[in-house]
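Working notes, structure below.
The values are calculated or read from the model by the stated rules, or taken from the named source; none is laboratory data. Every value quoted in this text rests on a predicted model; they were computed, and no experiment measured them. When we count neighbours, we look across all protein chains shown, and the Cβ atoms used for this are built from the backbone with ideal geometry, even at glycine. With ligands, DNA and RNA removed, areas are computed over all heavy atoms of the protein, side chains included. Shrake-Rupley method; radii C 1.70, N 1.55, O 1.52, S 1.80 Å.
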Amino acid sequence: MSLVAEIDFGTPRAKAEKMVTLTIDGASVTVPESTSIMRAATELGTQIPKLCATDMLDAFGSCRLCLVEIEGRAGTPASCTTPVAAGMVVRTQTERLKHLRKGVMELYISDHPLDCLTCSANGDCELQDMAGAVGLRDVRYGQSGEKHPNPGKDESNPYFTYDPSKCIVCSRCVRACEEVQGTFALTIAGRGFSSVVSPGMEEAFLTSECVSCGACVQACPTATLNEKSVIDIGTPEHSVVTTCAYCGVGCSFKAEMRGDELVRMVPYKDGKANRGHSCVKGRFAWGYAQHRERILKPMIRSKVTEPWREVSWEEAISHAAAELRRIQAKYGKSSIGGITSSRCTNEETFLVQKLIRAGFGTNNVDTCARVCHSPTGYGLSQTYGTSAGTQDFDSIEASDVVMIIGANPTDGHPVFASRLKKRLRQGAKLIVIDPRRTDIVRSVHIEAAHHLALLPGTNVAVLTALAHVIVTEGLINEPFVRERCDWDEFQHWAEFVAQEHHSPEAVAKISGVSAEAIRAAARLYATGGNAAIYYGLGVTEHSQGSTTVMAIANLAMATGNIGRPGVGVNPLRGQNNVQGSCDMGSFPHELSGYRHISGDATRELFETDWGVKLEKEPGLRIPNMLDAAVDGTFKGIYIQGEDILQSDPDTHHVAAGLAAMECVIVQDLFLNETANYAHVFLPGSTFLEKDGTFTNAERRIQRVRKVMAPKNGYADWEITVLLAKALGFDMHYDHPSQIMDEIARLTPTFAGVSFDKLDALGSVQWPCNDKAPAGTRVMHMNGFVRGKGKFIITEYVATDEKTGPRFPLLLTTGRILSQYNVGAQTRRTANVVWHEEDRLEIHPHDAEQRGIRDGDWVKLASRAGETTLRALITERVAPGVVYTTFHHPNTQANVITTDFSDWATNCPEYKVTAVQITPSNGPTHWQRQYAEQARQSRRIVIEAAE
Ligand code: SF4
Ligand code: SF4
Ligand code: SF4
Ligand code: FES
């Protein structure tokens with residue numbers, strides 16, 4: 001095996017359509033107009049020496065190493081900054097050029113420490129490579145870098161070091177931070193020979209604005225910025241391309257290895273979702289895979305009050321199967337069920353739902369999308385006919401107006417946020433609808449045209465008011481609506497939104513957003529050119545989540561912003577494979593490809609393939625399973641890769657449901673919070689240890705490739721197969737590619753997908769079938785999947801969760817960049833340096849009224865429960881609104897959230913909880929009790945191990 005080779009073309013691909021032909025070193029090459037000579041030469045296979053150029057960044061022209069001669073032109077221009085021209089004749093290797101390049105390199109090397117043999121980048125250093133490429137053999141003024149400015153190493157960042165003694169001041173890092181990441185954390189301080197790279201105002205990396213995306217480290221041609229893992233382990237010697245297992249952006253990475261040890265994750269330039277960029281999680285936070293708390297042996301116990309007993313795989317699996325069959329014999333077939341994982345692969349998720357439907361004989365299967373984007377599935381399928389976003393991420397490059405609703409992309413979907421910011425810096429306009437002033441509202445060189453800081457729970461009112469403006473001010477795209485949508489339904493909807501109580505003036509009173517702001521935002525969205533909507537859980541996790549999704553879909557149809565690049569409706573999906581887990585038939589009422597279980601033809605297709613009869617009636621959703629458990633009719637559950645105790649609402653109710661079950665089987669990497677109530681623990685495998693596919697927010701199916709053997713012995717799909725066999729339902733697969741073949745056979749939107757095709761094309765976006773063999777970039781191009789687009793009435797119904805004298809504030813929840821979801825992975829990495837605990841954000845006015853100072857412990861109480869955490873006083877939140885993250889189990893923010901949920905899908909209303917905040921001395925009685933129970937529950941009797 002070897003490292004996956006990626007060519008650096010020196011400058012970005014030109015977008016011009018016109019092609020020009022020129023000659024380089026006697027060979028003819030045809031490239032798009034405005035391509036640099038350097039890139040054109042590289043396409044011919046000629047690598048012109050370079051130091052300051054790289055194809056992730058615009059040309060800069062500072063190092064003067066890439067000089068060329070052009071016939072008919074005086075001098076020796078830099079090839080990275082000189083565009084090609086038709087008929088141009090270029091020479092890249094002449095005696096004069098060789099002499100000049102040697103002179104340039106000699107100056108660089110004379111100012112550089114000559115410790116190559118012990119340097120961490122030895123063998124992976126462009127300065128070293130270029131010295132060789134220009135044939136530098138001696139240095140006349142060698143000073144071994146003694147006079148080089150050296151303010152000292154900065155090792156403050158947990159993942160990379162900065163050693164200024166090796167810096168050649170090429171500015172690639174500074175430009176990467178600006179152009180690729182959009183954070184502008186770095187500058188070049190000083191002038192001439194005393195120039196040095198500096199984070200912020202000459203701060204340490206850790207305390208600067210730096211968000212540790214790693215783009216500067218990737219861009220650095222020397223060891224100045226280098227991964228600590230490379231310094232510790234050595235340079236990698238082989239690599240495998242795989243997909244990040246954190247968020248729904250789906251970044252592609254090269255997992256670079258030395259032997260069987262992972263050295264670093266390097267963003268892959270050919271990755272179509274990330275185009276060579278990354279965030280701190282995917283780039284650096286993979287150490288959890290080797291964390292000492294990872295459970296590697298199966299364990300069982302008869303009561304949750306007992307310690308765990310390590311057992312063999314055979315014993316664990318046969319015990320689990322026997323328990324499930326015993327429960328079914330005693331309480332009936334439907335007394336058990338399972339939950340698929342949005343962190344696992346498509347193939348694994350498909351197998352779990354197959355096991356439950358065909359092996360357990362029940363449709364009691366659900367997935368964590370229940371608690372995040374189930375309203376997206378419902379809302380978009382009602383209006384457009386598919387349950388997924390309409391665009392690819394490249395589409396943002398063609399947007400003129402971007403509306404972000406209830407999403408915090410810089411924290412939740414950072415690589416998409418960087419692409420969005422780039423487009424905004426190019427001049428696209430931004431509208432943000434969010435109760436909180438998130439970073440995207442205002443950051444370096446970015447300012448939202450309109451920030452509608454609405455009260456939590458009023459999304460539908462505000463979106464319908466936007467529609468009111470569009471209809472009453474004649475901003476409808478009538479030709480589009482007449483051609484593509486049901487006209488009668490449109491008229492009905494237009495009459496509805498035009499009613500006076502939907503006017504911005506009326507809605508201002510409910511939402512707290514001024515009528516002028518609503519009107520201005522509506523006009524910009526409808527008339528500003530290509531307008532795209534991106535939204536997140538701030539839309540879906542409400543009692544009117546599905547209604548909000550439909551209101552968004554209505555807006556896009558009414559203005560014709562659907563069916564081409566630059567526009568569309570795009571859910572920013574949370575987990576790495578939440579789109580996939582929904583596609584794979586994880587919902588109780590749907591088989592893969594969103595086909596209702598009651599459809600006889602669909603069911604028969606699966607029955608024939610699987611050789612069993614399937615239940616016709618939909619099974620229980622997660623909340624219904626828990627309710628049934630409390631009622632005594634649901635007794636056993638198989639949960640793969642999901643921590644419902646921490647992530648689902650109303651923790652007390654979840655705990656009561658789990659405690660009432662007789663057999664809880666948890667398959668995971670760590671003893672998570674749900675495992676405190678488990679009887680069987682099956683150790684799971686990480687994304688590094690298995691083959692399969694994930695589907696990201698763009699519907700893009702990408703390969704996950706095994707880079708090391710599973711430390712627990714089995715990939716997750718193999719464990720499901722073992723459990724199925726023990727239950728007497730035989731499944732047989734030698735490789736996950738066979739599971740994908742089965743998915744393709746049974747799912748029309750996946751009919752053209754295979755591992756071979758994914759390996760050949762890199763990735764495909766579903767639908768991928770005979771009609772679209774290479775997949776579908778943009779949906780609904782020539783017509784909606786359901787035929788005519790359907791406008792749906794979106795009456796605003798205020799949530800039953802209301803503030804009052806006892807609970808006067810509204811709590812909303814979200815994420816932070818460095819942590820991920822319930823934090824099971826990121827808490828076990830050095831990312832904790834940025835976020836050791838969940839904090840409660842409160843406006844200075846509300847804090848002062850309560851005598852709360854920054855950092856004080858406060859009690860956060862709702863009708864559902866109470867917890868304590870420390871306060872963070874900030875104007876990011878408006879008066880009357882408080883906010884917290886939910887990454888840490890000792891906070892258990894979901895003790896507070898209620899069991900109100902979306903009317904259509906049961907998606908919990910995480911984003912609106914009426915609360916009160918009071919000063920506190922520390923953890924509540926419940927928190928102390930819970931911590932003690934968790935401690936007891938995690939005891940393991942090692943002696944009993946086989
Ligand atoms: S790691 Fe990212 S944010 Fe930090 S300085 Fe480098 S490019 Fe900028
Ligand atoms: S730190 Fe690296 S990328 Fe930045 S200027 Fe120095 S050598 Fe260039
Ligand atoms: S943006 Fe998401 S997919 Fe990309 S590296 Fe970060 S966590 Fe992974
Ligand atoms: S690579 Fe062209 S000037 Fe540096």
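Quick one: give the max-minus-min coordinate of the C-alpha atoms of the stretch 411-464 along each principal axis, largest first, in Å.
Principal-axis extents of the Cα atoms in the stretch 411-464, largest first: 32, 22, 16 Å.
Just going by the charge dipole of the chain, with Lys and Arg at +1 and Asp and Glu at -1 on Cβ, which of Asn676, Met779, Cys177 is farthest out on the positive end?
It is Cys177.
For the stretch 188-254, which GluC sites (Glu not before Pro) are both in a DSSP coil and crowded by at most 14 other Cβ atoms within 10 Å?
Glu202, Glu237
Could you check how many percent of all C-alpha pairs in the stretch 5-119 are farther apart than 20 Å?
Numbers: 2750 of 6555 pairs.
That fraction is 42 percent.
Evaluate the relative contact order of the chain (contact order divided by residue number), counting alpha-carbon pairs under 8 angstrom at least 6 apart; express in whole percent.
Dividing the mean separation by the residue count of the chain yields 13 percent.
Just grab the label-to-label distance for Gln933 and Ala498, each label 7 Å out from Cα along the Cβ direction, in nm (one decimal).
5.7 nm
With +1 on each Lys and Arg Cβ and -1 on each Asp and Glu Cβ, how big is the dipole of the stretch 431-482 about its Cα centre, in debye rounded to the nearest 20?
100 debye
Taking only the Cα atoms of the stretch 676-810, how large is their convex hull per residue, in Å³?
251 Å³
Between their Cα atoms, which of Lys635/Lys725; Lys98/Lys254; Lys706/Lys757; Lys98/Lys269 are more than 23 Å away from each other? Intermediate values should be presented prior to the final figure.
Details: Lys635/Lys725 21 Å; Lys98/Lys254 35 Å; Lys706/Lys757 18 Å; Lys98/Lys269 31 Å.
Beyond 23 Å: Lys98/Lys254; Lys98/Lys269.
Could you quote the convex hull projected area for the stretch 544-598, Cα atoms only and averaged over all directions, in nm²?
5.2 nm²
Among Pro805, His843, Val877, whose Cα sits farthest toward the positive end of the charge dipole of the stretch 771-883 (+1 at Cβ of Lys/Arg, -1 at Cβ of Asp/Glu, about the Cα centre)?
Final value for the positive-end residue is Val877.
What do the square roots of 5 times the Cα gyration tensor eigenvalues come to for the stretch 1-59, in whole Å, largest first, as semi-axes of the equivalent ellipsoid?
Equivalent ellipsoid of the stretch 1-59: 20, 14, 11 Å, largest first.
Find out how many positive minus negative residues lie around Val460, taking Lys and Arg as positive, Asp and Glu as negative, among other residues whose Cβ is under 12 Å from that of Val460.
Here the count lands on -2.
So what does log10 I(q)/I(0) come out to for the stretch 563-675 at q = 0.16, 0.20, 0.21, 0.23 Å⁻¹, using the Debye formula with one equal point on every Cα and no solvent?
With no solvent term, the Cα-only Debye profile gives -0.94, -1.17, -1.21, -1.27.
When the dipole is taken about the Cα centre of the stretch 723-867, and only Lys, Arg (+1) and Asp, Glu (-1) are charged at their Cβ, what size is it in debye, to the nearest 20?
So the magnitude is around 440 debye.
When DSSP beta bridges are limited to those with both residues in the chain, what percentage is antiparallel, rounded to the nearest 5?
On the way: 64 of 110 bridges.
Taking every DSSP beta bridge within the chain, about 60 percent pair in antiparallel fashion.
For the stretch 76-154, what is the largest minus smallest coordinate of the Cα atoms on each principal axis, given in angstrom and ordered from greatest to least?
50, 28, 24
Can you give the relative contact order of the stretch 486-591 as a percent, counting alpha carbon pairs under 8 Å and 6+ residues apart?
Numbers: 63 pairs, mean separation 21.4, N = 106.
Averaging sequence separation for qualifying contacts and normalising by length gives 20 percent for the stretch 486-591.
Leaving out ligands, DNA and RNA, what percent of the accessible area of the chain is carbon and sulfur, probe 1.4 Å?
The computed percentage sits at 51.
Which one of Ala520, Pro889, Ile644 has its Cα pushed farthest toward the positive end of the charge dipole of the chain, where Lys and Arg give +1 and Asp and Glu give -1 at the Cβ?
Highest projection toward the positive end goes to Ala520.
Give a quick list of trypsin sites (Lys or Arg not before Pro) in the stretch 703-778 that DSSP marks as loop, anything other than H, G, I, E or B, with at most 12 other Cβ atoms within 10 Å.
Loop-located and lightly packed - Lys771.
Could you tell me the relative contact order of the stretch 1-143? Use alpha-carbon pairs under 8 Å, at least six residues apart, and round to a whole percent.
23 percent
Of the GluC sites (Glu not before Pro) in the stretch 471-535, which ones lie in a loop per DSSP and count no more than 11 other C-beta atoms within 10 Å? Mind dumping the intermediate values first?
Values: sites: Glu473, Glu483, Glu489, Glu495, Glu500, Glu505, Glu516; in loops: Glu473.
Passing sites in the stretch 471-535 do not exist.
Using only the Cα atoms, work out Rg/Rh for the stretch 600-728, with Rh taken as the Kirkwood radius, to two decimals. Could you put the intermediate results ahead of the total?
On the way: Rg = 17.0 Å, Rh = 16.9 Å.
In the stretch 600-728, Rg relative to Rh is 1.00.
Which whole-number percent of Cα pairs in the chain have a distance greater than 44 Å?
It works out to 34 percent of all Cα pairs.
How far is helix 925-937 tilted off the main Cα axis of the chain, in degrees rounded to 10, range 0 to 90?
80 degrees
How much mean residue ellipticity at 222 nm does the chain get from its helices, if each DSSP H run of length 4 or more adds -39500 (n - 2.57) and you divide by all residues, to the nearest 500 deg cm²/dmol?
-8000 deg cm²/dmol
Using only alpha carbons, build the gyration tensor for the stretch 91-236 and give me the equivalent ellipsoid semi-axes, biggest first, whole Å.
27, 17, 15
Mind checking the dipole of the chain: about its Cα centre, +1 per Lys or Arg Cβ, -1 per Asp or Glu Cβ, Debye to the nearest 20?
820 debye
Could you give the spread of the C-alpha atoms of the stretch 179-240 along their three principal axes, from largest to smallest, in whole angstroms?
Computed over the Cα atoms, the extents are 39, 26, 21 Å.
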